[in-house]
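Everything below concerns the one structure shown next.
Taken together, the values in this text are just the output of simple stated rules run on the coordinates, not laboratory data. Everything numeric here is computed off the predicted structure, so don't read it as measured data. Here the Cβ positions follow ideal geometry from the backbone for every residue, glycine too, while neighbour counts run over all protein chains shown.
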Amino acid sequence: MVSIGDLVNVISSKLLPDVEFGLPTGRPPSPRESIRRAHEEWLAAKNYFETVSDPDLVDHAIYLLGAAERKYMYLLKRAKTEGVDSPTF
């Protein structure tokens, strides 16, 4: 069985061969994998915030850090309410 995402990728590759849409294919990640990825994003955002030196990028770093932290906390909260064991970091 062909997924919609695969079908869109095939059609778009024929019509627009130089454009990559990056549509997800296959299975969505497990809740544990989503939490692990969000944790990695949060750590990367913290590192970026701590190392950015250009004043024009400080606001960007603050935005990324806040967004990554909120995503991670949301996924942890959702896993807890659904009874999914979250990974420990």
**OP:** Would you please give the FRET efficiency between R78 and S53, computed as 1/(1 + (r/R0)^6) with r the Cβ-Cβ distance and R0 = 22 Å, to the nearest 0.05?
**Re:** 0.05
**OP:** Output the peptides 50-56, 35-41, 76-82 sorted from most to least packed, where packing is the average of other Cβ atoms within 10 Å over each peptide's residues.
**Re:** 35-41, 76-82, 50-56
**OP:** Name the aspartates and glutamates eligible as straight-distance cross-link partners of K71: C-alpha to C-alpha under 19 Å, and not fewer than 8 places from it in the same chain.
**Re:** E33, E40, E41, D59, E82, D85
